[in-house]
Structure formats: C-alpha cells, structure tokens
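All of the numbers you see were taken from the coordinates with simple rules; none came from a lab. As the structure is a prediction and not an experimental result, all values here were calculated from the model. Here the Cβ positions follow ideal geometry from the backbone for every residue, glycine too, while neighbour counts run over all protein chains shown.
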Amino acid sequence: MGGVKNIYLANYENVSGTTSSNGTISAIAKANNGRFYKFNLTRATASAVEEFTDDLAAGTSFNAQTVTMIFNKLLAATRNIVATMAQATLVAVIEDRNGKYWYYGKESGLTRSGGSAGTGTASADRNGYEVILVGEEREMAMEVSSSVITTLETP
C-alpha cells in the first residue's frame, strides 16, 4: 500500500549515530538532548521518494531522497515550524502505510528545497502548507526497526 502515515523529524546534529546490520537500523543515538518530532499526516498528502542516480562514465552513484509533506490549515504554529525547517539540516524517519519505517538523510541530512503556503481558491481547495525536503545519500534509505520508534520522541 502506498503512502506515508507519519514522519518523525530531528535536527541532523542531534543524532550522533546509528547501529545497523543487513540494511536495518536497530538503534539511533541522540546527542544534545535531541529528540524527533512526530507529524501525523493526513492520508494521501505525503510521500517519500528515492531516485537512484548513476553515472557510469564517472563511476559515481547516489540516491536522491525527497520527502514531501502537506500541513492542512494556515496556522501560526505550523508557520513557525515550516520557517524553522528552512534553517535546519534534518533527518527523517518515515512511517509508510505498510507499518514500515525508513531513515532518510542518514549521512548528509535533508534540507528544505521548496514548498508553498496558500489559501486555495474554491471552497474545497487546500488551505495550508507544502514542504519539500531533499537530500543526497550514498546508500538507499535503511529500514528502522519498530523497536526504535518508541525512543524517538524522548530526549
């Protein structure tokens, strides 16, 4: 099943490391009393995509990671969060609609590359924010063990 259920975001510098084996992260160490902030997203409004980019001539490859989030309703509190994202390098744990968790921005972090805020035009239009985070990683996103998730929101 496609889609994103929740996104957990933290400042890149507040993650001091991860423990992984066979493509699965079993621990995320936080520094500086760091914590992840959970964003519950409306169904069918968020996505996490990886594009594999290879240059055979140069012998290089990387994974372009893009996380797109929609926040319904223009609110001062949401505006402040979106403004903070513009100034930070972040990491993200993405909970997909299959109950799996994926770590984005592990080596280089994610930065806000764009987005928008709008009132909409018609009565049924969205009133809110779109935020796009991007990053480039050497490895594909790793799965995060569900046992790690309960520790993300605590300092």
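In terms of surrounding Cβ atoms within a 10 Å radius of their Cβ, Thr45, Thr154, Thr84 rank from fewest to most as Thr154, Thr84, Thr45. Counting only residues at least eight positions apart within a chain, or on another chain, the lysines with an alpha carbon under 24 Å from that of Lys100 are Lys5, Lys30, Lys38. Taking the C-alpha atoms only, the angle from helix 76-86 to the longest principal axis of the chain is near 40 degrees. Multiplying the residue separation of Asp125 and Lys100 by 0.36 nm and removing their Cα-Cα distance gives an extension gain of 5.9 nm. The three principal axes of the C-alpha atoms in region 66-145 carry coordinate ranges of 42, 30, 18 Å, sorted with the longest axis first. Listed from fewest to most Cβ neighbours within 10 Å, the set Phe52, Phe62 follows the order Phe52, Phe62.
By per-residue mean of other Cβ atoms within 10 Å, what is the highest-first order of 99-108, 15-24?
Result, highest mean Cβ count within 10 Å first: 99-108, 15-24.
Taking the Cα centre of the chain as origin and assigning +1 to Lys and Arg Cβ atoms and -1 to Asp and Glu Cβ atoms, the resulting dipole is close to 740 debye.
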